[in-house]
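The values are calculated or read from the model by the stated rules, or taken from the named source; none is laboratory data. Just so it is clear, the structure is predicted and the values come from calculations on it, not from any experiment. All Cβ positions, glycine included, derive from the backbone under ideal geometry; neighbour counts span all protein chains shown.
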Amino acid sequence: MEIKKIGIIGAGQMGNGIAHVCALAGYDVLLNDISREALDAALSLIEDNLDRQASRDKITPEDKDAALKRISTTLTLSDLGQTDLVIEAATERETVKAAIFEDLVPHLLPHTILTSNTSSISITRLASRTDRPEKFMGFHFMNPVPVMQLVELIRGIATDDETYQACQAVVERLGKTAATAEDFPAFIVNRILMPMINEAVYTLYEGVGSVASIDSAMKLGTNHPMGPLELADFIGLDTCLAIMNVLHDGLADTKYRPCPLLTKYVEAGWLGRKTGRGFYDYRQDPPTPTR
């Protein structure tokens, strides 16, 4: 099956990045959100990011103009029913994602493939809420999408080979690399990454080191480009907590218990860069540690 038109649900950080790379690869893109402001902001950000790529000679001005022309937007979810592939990139809450798929299913073409950009939620369970579990997959991009080279492809228990091959072909056309993961909580990347971040928060919570010392130790001692607490702020502490809860609930192992300090930051609304405060205070330049 040849995929020509891709529908993307959610115009936030992940959705606009996915729209960017899909349009640049030559796909027609229909971007959906419940907010006109979010759609307008996404288009503006995509144009800025394409400009940055053009200024660095990674793409030509003609590539940029062609990509922008391939992106259209809609506030009406049912419009995505006429696409060949749907990539859901809404809030990382299972109830939200399940409701979106239930609303969309009656409008789909028979051949449309459904995928979710979820970073941790069961693909099998999401697929069971649709009329086509065999045409349902996890399609997990890394953030920021235009920069990161990996896409995790996750098959649910019912996903057929044709669907997997079609999604793998999309990843290749995007110029990215696919890693196939089984449908277990948090898949591969977050199964390894989030416990590391959670342990860094425990290290802070127990007073072993400060924010600055923990991040410096991991950057200089293990050659990580960002420290774990800085990375947590970049991802969003609410997202980190949600994934740790999925791991803890899904695997029933106490080693995945979220650190109480992580929970406290989320309860305070200190979610990282997107709210201006997390383990660092981003209202100051340069950002300063909050502990």
- Do we have any residue at all in the stretch 138-153 that's free of Cβ contacts under 8 Å to residues at least 40 places away in the same chain and either over 14 Å from the mean Cα position of the chain (by Cα) or over 21 Å from residue 119 (Cβ atoms) (or both)? no
- Message: Under 8 Å between Cβ atoms, which residue pairs at least 6 apart in sequence (or on different chains) link something in the stretch 201-220 that is more than 16 Å from residue 233 (Cβ to Cβ) and at pLDDT 95 or above with a partner that is assigned to a helix (DSSP H, G or I) and of a type in the set (Gly, Ala, Ser)?
- Response: 209/217
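Please tell me if residue 28 is touching a residue at least 24 places away in the same chain (Cβ under 8 Å) and among the acidic types (Asp, Glu).
On the way: touching a residue at least 24 places away in the same chain (Cβ under 8 Å): yes; among the acidic types (Asp, Glu): yes.
For residue 28, the condition - touching a residue at least 24 places away in the same chain (Cβ under 8 Å) and among the acidic types (Asp, Glu) - is met.
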- Per the filter on the stretch 246-268, residues among the aliphatic types (A, V, I, L, M) and without any contact (Cβ under 8 Å) to a residue 60 or more places away in the chain are 252, 266, 268
- Task: Check the stretch 36-54 and report whether any residue there is among the hydroxyl-bearing types (Ser, Thr, Tyr), assigned by TED's automatic domain parsing to the domain that holds residue 140, touching a Leu at 6+ places or on another chain (Cβ under 6 Å) and over 17 Å from residue 170 (Cα atoms).
- Result: no
- Task: Using the structure shown, decide if residue 281 is charged (D, E, K, R) and touching a Pro at 6+ places or on another chain (Cβ under 7 Å).
- Result: yes
- Test: residue 203 is farther than 24 Å from residue 119 by Cα, of a type in the set (Val, Ile, Thr) and in contact with a Lys or Arg (Cβ under 9 Å, 6 or more places away or on another chain): no
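Does the stretch 161-198 hold any residues that are free of Cβ contacts under 8 Å to residues at least 40 places away in the same chain and within 22 Å of residue 256 (Cβ to Cβ), and which are they? Step through it out loud before you land on a result.
From the stretch 161-198, those free of Cβ contacts under 8 Å to residues at least 40 places away in the same chain are 161, 164-165, 168, 171-172, 177-180, 182, 188, 192-193, 196; that's our starting set.
179, 182, 188, 192, 193, 196, listed by residue number.
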- Counting only residues that are of a type in the set (D, E, K, R), assigned to a helix (DSSP H, G or I) and in contact with a helix residue (DSSP H, G or I) (Cβ under 9 Å, 6 or more places away or on another chain), how many does the stretch 265-291 have? 2
- Out of 129, 173, sole residue that is modelled with pLDDT under 95 and more than 17 Å from the chain's Cα centre (by Cα): 129
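Let's see how each residue does on (1) hydrophobic (A, V, I, L, M, F, W, C); (2) without any contact (Cβ under 8 Å) to a residue 12 or more places away in the chain:
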{"residue": "2", "(1), (2)": "no, no"}
{"residue": "9", "(1), (2)": "yes, no"}
{"residue": "14", "(1), (2)": "yes, no"}
{"residue": "41", "(1), (2)": "yes, no"}
{"residue": "46", "(1), (2)": "yes, no"}
{"residue": "51", "(1), (2)": "no, no"}
{"residue": "56", "(1), (2)": "no, yes"}
{"residue": "64", "(1), (2)": "no, no"}
{"residue": "83", "(1), (2)": "no, no"}
- Any chance the stretch 135-156 includes a residue that's touching a strand residue (DSSP E or B) at 6+ places or on another chain (Cβ under 7 Å) and assigned to a helix (DSSP H, G or I)? yes
- Could you give me the residue pairs with C-beta distances under 9 Å whose first residue belongs to the stretch 86-105 and is in contact (Cβ under 8 Å) with a residue 12 or more places away in the chain and of a type in the set (Lys, Arg), whose second residue is surrounded by 14 or more Cβ atoms within 10 Å (Cβ to Cβ) and in a helix (DSSP H, G or I) wherever it lies, and which are 6+ apart or on separate chains? 93/242; 97/126
